[in-house]
Amino acid sequence: MKIAVIGVGYVGLVSAACFAELGHTVVAVDNDPAKVAMLDAGHMPIHEDLLPELVKRHHGERLHFSSDIREASSDADVIFICVGTPPAINGDADMSYVEGVARELAASLHGHKVVVEKSTVPVGTAEAVQRTMLLHGASPNHFSVASNPEFLREGTAVSDFLFPDRILLGVPNDRTGKLLTELYQPILDGSYYQRPDAIPGDTTKAAQLIVTSVKSAELIKHASNAFLALKISFINSVANVCERVGADVREVALGMGTDSRIGPKFLTPGIGYGGSCFPKDVLAFRSVAKQVGYDFTLLTEVMEVNEDQKERFVAKVREALWTIRGKKLAVLGLAFKGGTDDVRDSPALELVRRFVEEGAQVTAYDPAAMSRAQATLPPGSVTYATDAYAACLNADAVLVLTEWPEFADLDLARVRKLLKLPIVLDGKNLLDPNKVKAAGLHYYGVGCCASPSPLPVSSAPAPRVAVETAAA
Ligand code: UGA
């Protein structure tokens, strides 16, 4: 099938490369000519596992890049809108880019097209796209508008696309549903996985096809992200209780997550969720609810817990170091999570800013996000190290702020030798506390392995034997 993908950000570029991988002919369009030239020259604008391989595999054959939206879409059967929907000042999603695309498409329709929103958008967007296209002269017989939200995580986006839990199609009629189902057929019937050159992944669970109304699909995306954010805020709150009572949140999460109704994923506490999706989508979902007269206060609480989590980490650093001014901090991780160079709404970056404001000297290292961080943080405010060990040299403490797997495998004896003070603050519960302690370092995690309690000994729980005696 012939596809046009409009917008080559994370979602657009990954989708374009993966549709080409499934056998379709794709033109990916962006109004930034520099980005298009970069892609044409074989360079990736983002750090994303497996993406360079896929683009290289199909570029020039089934995958083309263009900055001409009209030309690209004139030949396509299906047009995916993957442009940004950044937060507006009032918390709504800014839909002006989507609107701009709808206007351009209206002026360039030939034959019948299915226009599909893939960006995360508020419920009602498809209706607005349809209205805009009609207002700008498109004939109602020449197009239909559908919703096919993505559930891609940065860092694993290619695998998430090719090995999804579900494929969600919000369609206005059966004809559109059939056409869009065809697009994903190689995943749904498993034929893609039989190919000798298929990207390897977990094929044990078949993807589920879910066909809904357009509005339900739009809502499923917002509700899913909001629910995942809620899960993280919940476990962060549980971690805060664990710290007070001396329980271990890792054990609590394991015990909770093995209940199949709860599930083990997204139960890792830390310094709060970040990125270009959760913070924006929770805010936008609450705003959508408010506009239709429902005050979704639960989401307000989710956001407050998330903000608070960063404050708690600052307090923990203070607890470990007494004062922050003048301290040398080794920061490991700047991206909003491991596996990506994305620093948008990164809790790590926010914390770095905060430590710098409080007078700390920060030396940071991130395997992929250093140049983006450098472009975002005030010039000269942070020193950038060549690797994790160089960051630790003479530092008063090392802070793990992003869950990069390589930080979990650090040579802790070497870290101990490099640090001025033996203090590890693990904002992501990434390291093994026993190994850290065995290397002679003090460990501060989130919701576990707390520093010795300041409470008097008499308030400690009664020994088990006494309870048994009393019960006898
Ligand atoms: C998220 C969703 O997971 C995707 O399904 C969705 O498609 C995407 O948003 C989107 O809307 O485009 P992403 O933002 O790439 O994906 O990253 P996640 O893996 O969800 O992580 C988000 C944040 O939550 C990160 O800061 C991460 O460190 C944090 N997190 C995640 C936790 O603090 N604890 C966890 O247990 C999991």
Looking only at segment 223-247, which residues are closer than 13 Å to residue 273 by Cα and near the ligand (Cβ under 10 Å from one of its atoms)?
225, 228, 229, 231, 232, 233, 235, 236
How many of the residues in segment 253-276 are within 15 Å of the ligand (Cβ to nearest atom), open to solvent by less than 50 Å² (accessible area, probe 1.4 Å) and modelled with pLDDT of 95 or more?
12
Output the number of residues of segment 133-179 satisfying the condition of being more than 12 Å from the ligand (Cβ to nearest atom), of a type in the set (Gly, Ala, Ser) and at pLDDT below 95.
3
Checking residue 250 against (1) within 13 Å of the ligand (Cβ to nearest atom); (2) under 15 Å from residue 231 (Cβ atoms); (3) open to solvent by 90 Å² or more (accessible area, probe 1.4 Å); (4) not acidic (Asp, Glu), which test does it fail?
(2)
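Residue-by-condition table, conditions (1) surrounded by 17 or more Cβ atoms within 10 Å (Cβ to Cβ); (2) in a helix (DSSP H, G or I); (3) of a type in the set (A, V, I, L, M, F, W, C); (4) out of contact with any Pro (no Cβ under 9 Å at 6 or more places or on another chain):
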{"residue": "101", "(1), (2), (3), (4)": "yes, yes, yes, yes"}
{"residue": "109", "(1), (2), (3), (4)": "yes, no, yes, yes"}
{"residue": "123", "(1), (2), (3), (4)": "yes, no, yes, yes"}
{"residue": "134", "(1), (2), (3), (4)": "no, yes, yes, no"}
{"residue": "144", "(1), (2), (3), (4)": "yes, no, no, no"}
{"residue": "192", "(1), (2), (3), (4)": "yes, yes, no, no"}
Quickly run through segment 396-414 and pick out the residues that are crowded, with 24+ Cβ neighbours inside 10 Å and closer than 25 Å to residue 322 by Cα.
397, 398, 399, 400, 401, 402
Residue count, segment 316-328, condition closer than 12 Å to residue 444 by Cα and over 26 Å from the mean Cα position of the chain (by Cα), comes to 4
For a quick check of your reading of the model, give me the residue pairs whose first member lies in segment 347-363 and is farther than 18 Å from residue 322 by Cβ, whose second is surrounded by fewer than 16 Cβ atoms within 10 Å (Cβ to Cβ), with beta-carbon atoms closer than 6 Å and at least 6 apart or on different chains.
356/381; 363/383
For the structure I just gave you, tell me whether residue 70 is more than 16 Å from the ligand (Cβ to nearest atom), open to solvent by 60 Å² or more (accessible area, probe 1.4 Å) and either closer than 24 Å to residue 199 by Cβ or in contact (Cβ under 8 Å) with a residue 60 or more places away in the chain (or both).
no
Can you report the number of residues in segment 75-123 which are closer than 25 Å to residue 290 by Cβ, aliphatic (A, V, I, L, M) and touching a Leu at 6+ places or on another chain (Cβ under 8 Å)?
1
I need the full set of residues from segment 228-247 which are surrounded by fewer than 21 Cβ atoms within 10 Å (Cβ to Cβ) and under 15 Å from residue 336 (Cβ atoms), in order please.
228
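Residues are listed down the side, and each one gets a yes or a no for (1) within 20 Å of residue 385 (Cβ to Cβ); (2) touching a residue at least 12 places away in the same chain (Cβ under 8 Å):
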site: 278; (1), (2): no, yes
site: 281; (1), (2): no, yes
site: 285; (1), (2): no, yes
site: 306; (1), (2): no, yes
site: 311; (1), (2): no, no
site: 326; (1), (2): yes, yes
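Return yes or no: is residue 201 within 13 Å of the ligand (Cβ to nearest atom) and either more than 20 Å from residue 125 (Cα to Cα) or among the aromatic types (Phe, Trp, Tyr) (or both)?
No.
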Can you pull out the residues in segment 385-423 that are polar (S, T, N, Q) and either in contact with a helix residue (DSSP H, G or I) (Cβ under 6 Å, 6 or more places away or on another chain) or within 16 Å of the ligand (Cβ to nearest atom) (or both)?
402
Taking segment 112-121 on its own, how many of its residues are open to solvent by 10 Å² or more (accessible area, probe 1.4 Å) and free of Cβ contacts under 8 Å to residues at least 60 places away in the same chain?
1
Checking the conditions here, which among 127, 150, 154 is touching a Gly at 6+ places or on another chain (Cβ under 9 Å) and among the acidic types (Asp, Glu)?
154
Where residues in segment 333-384 are of a type in the set (Asp, Glu) and more than 15 Å from the ligand (Cβ to nearest atom), which of them is surrounded by the most Cβ atoms within 10 Å (Cβ to Cβ)?
358
The residue that is modelled with the highest pLDDT, considering only those in segment 415-458 that are open to solvent by less than 70 Å² (accessible area, probe 1.4 Å) and polar (S, T, N, Q), is 429
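The values are calculated or read from the model by the stated rules, or taken from the named source; none is laboratory data. Keep in mind the model is a prediction, meaning the values are calculated, not measured. With ideal geometry, Cβ positions are generated from the backbone for all residues, glycine too; neighbour counts draw on all protein chains shown. Side chains are part of the model used for accessible areas, which takes the heavy atoms of the whole protein and leaves out ligands, DNA and RNA. Shrake-Rupley method; radii C 1.70, N 1.55, O 1.52, S 1.80 Å.
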